[in-house]
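First the structure, in the form of structure tokens, and then the observations on it.
The values are calculated or read from the model by the stated rules, or taken from the named source; none is laboratory data. Given the structure is predicted, the values throughout are model-derived calculations rather than measurements. Ideal geometry is used to build each Cβ from the backbone, glycine not excepted, and the neighbour counts take in all protein chains shown. Areas reflect the complete protein model, heavy atoms only, side chains present, ligands, DNA and RNA absent. Shrake-Rupley method; radii C 1.70, N 1.55, O 1.52, S 1.80 Å.
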Amino acid sequence: MASVYSGKWVWITGASSGIGRELALQLARRGAHLVLSSRNREKLVALQQETGLTEEQCLVVPLDVSDGTAVVRVAGEVLERVPRVDYLFNNAGVSQRGLIRETKVEVDRMIMEINYFGAITLTKAVLPRMIEQGGGHVVVTSSIVGKFGFPMRSAYAASKHALHGFFETLLVEEKEHGIRVTLLVPGHIVTDVSYNAITGSGERYGKMDPGQARGMTVEKAVKKILHGVEKEKREVVVGKADAWSVYLKKYFPGLFFRLAGKVNPV
Ligand SMILES: NC(=O)c1ccc[n+]([C@@H]2O[C@H](COP(=O)([O-])OP(=O)(O)OC[C@H]3O[C@@H](n4cnc5c(N)ncnc54)[C@H](OP(=O)(O)O)[C@@H]3O)[C@@H](O)[C@H]2O)c1
């Protein structure tokens, strides 16, 4: 079956696990060529092999997105190796489990560096090429907590809110140059995100939250995400019942805030 992704170059950050990994697998099946990034080279090499794509069709590019200097250098190297970047999925991210009063400011900064500055630095490095080639599509993984604050996720929610401010501006500024932007707004999706979340003291949380475990499967979520990106939606809300909280906050904010204080945050 023909796919809009066929023959397109797609750069995915956070490709070693969860949503990014599944994006890589489903995009490879749809004929895309890939650039896979995250910090874990071994997992990326295993994923490249799993996609069935050759090393020329699927580049493994280890990258810590919180290191701004490395992001700019690595982007320059990738742009020398690929003919175009049709899609950039800024998906790398880390969640949080800690009350505001227990969270060190260093942890707040670390979360902003990965989730916000990582995404905008890479986008700024790739954007000139996208404009030069006549357009491109920037996809950004936000969260339902990019739409409201939620207990134990203060910096995470802040970083995801910041993405909306930045990338909605990009959409408006560069539309005439063919730049399309889609913000992904997932509720709970079953991945290792809660295991990999950071606590107030900067440790790995290391647990699968019960709420997380009851989420949507990553296969189903990514199918919906790719459909929404294909339709060039500005936002794709994806998840089970928890995703409806986005609309509850929008249309019934009083009720939303009464309930938010009562919901178990894990
Ligand atoms: N799952 C959910 O319920 C959910 C809901 C809303 C939003 N999201 C968002 O979805 C995105 C993907 O999360 P996930 O659920 O797939 O979780 P995950 O399984 O923990 O995957 C996170 C990915 O981000 C990468 N990453 C983390 N820090 C990085 C860094 N400094 N530099 C480069 N890559 C880094 C990780 O790779 P390495 O460790 O190899 O670097 C991994 O590939 C995140 O932005 C997350 O906030 C997830």
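Is it fair to say residue 160 is basic (Lys, Arg), crowded, with 19+ Cβ neighbours inside 10 Å and within 13 Å of the chain's Cα centre (by Cα)? In short, yes. Within segment 53-83, being in a helix (DSSP H, G or I), open to solvent by 90 Å² or more (accessible area, probe 1.4 Å) and either modelled with pLDDT under 95 or not hydroxyl-bearing (Ser, Thr, Tyr) (or both) holds for 73, 77, 80, 81.
Annotation: of all residues in segment 1-25 being open to solvent by less than 10 Å² (accessible area, probe 1.4 Å) and closer than 16 Å to residue 57 by Cα, the one that is farthest from the ligand (Cβ to nearest atom) is 5. Take the residues of segment 221-266 that are open to solvent by less than 50 Å² (accessible area, probe 1.4 Å) and not hydrophobic (A, V, I, L, M, F, W, C): which is nearest to residue 154 (Cα to Cα)? The qualifying residue nearest to residue 154 (Cα to Cα) is 265. Residue count for segment 214-242 satisfying the condition of being touching a helix residue (DSSP H, G or I) at 6+ places or on another chain (Cβ under 7 Å) and within 22 Å of residue 98 (Cα to Cα): 1.
Just a yes or no: is a residue in segment 223-234 of a type in the set (Asp, Glu) and under 16 Å from residue 147 (Cβ atoms)? The answer is no, given that none of the residues of segment 223-234 is of a type in the set (Asp, Glu) and under 16 Å from residue 147 (Cβ atoms). Give segment 1-52 a look and list any residue that's assigned to a loop (DSSP other than H, G, I, E, B) and of a type in the set (Ser, Thr, Tyr), or say none. Once the filter is applied, which keeps residues that are assigned to a loop (DSSP other than H, G, I, E, B) and of a type in the set (Ser, Thr, Tyr), segment 1-52 yields 3, 5, 6, 16, 17, 38. Filter segment 26-52 down to residues that are open to solvent by 20 Å² or more (accessible area, probe 1.4 Å) and β-branched (Val, Ile, Thr) and give me whichever is nearest to the ligand (Cβ to nearest atom). Ranking the candidates gives 45 first. For segment 184-191, state whether one or more residues are under 18 Å from the mean Cα position of the chain (by Cα), more than 29 Å from residue 264 (Cβ to Cβ) and either free of Cβ contacts under 8 Å to residues at least 24 places away in the same chain or open to solvent by 50 Å² or more (accessible area, probe 1.4 Å) (or both). So far as segment 184-191 goes, no, none of its residues is under 18 Å from the mean Cα position of the chain (by Cα), more than 29 Å from residue 264 (Cβ to Cβ) and either free of Cβ contacts under 8 Å to residues at least 24 places away in the same chain or open to solvent by 50 Å² or more (accessible area, probe 1.4 Å) (or both). The residues of segment 182-212 that are hydrophobic (A, V, I, L, M, F, W, C) and under 19 Å from residue 98 (Cα atoms), listed by number, are 193, 197, 198, 208.
Apart from one condition, residue 197 fits all of (1) more than 13 Å from the chain's Cα centre (by Cα); (2) farther than 27 Å from residue 69 by Cβ; (3) touching a residue at least 60 places away in the same chain (Cβ under 8 Å); the exception is (2).
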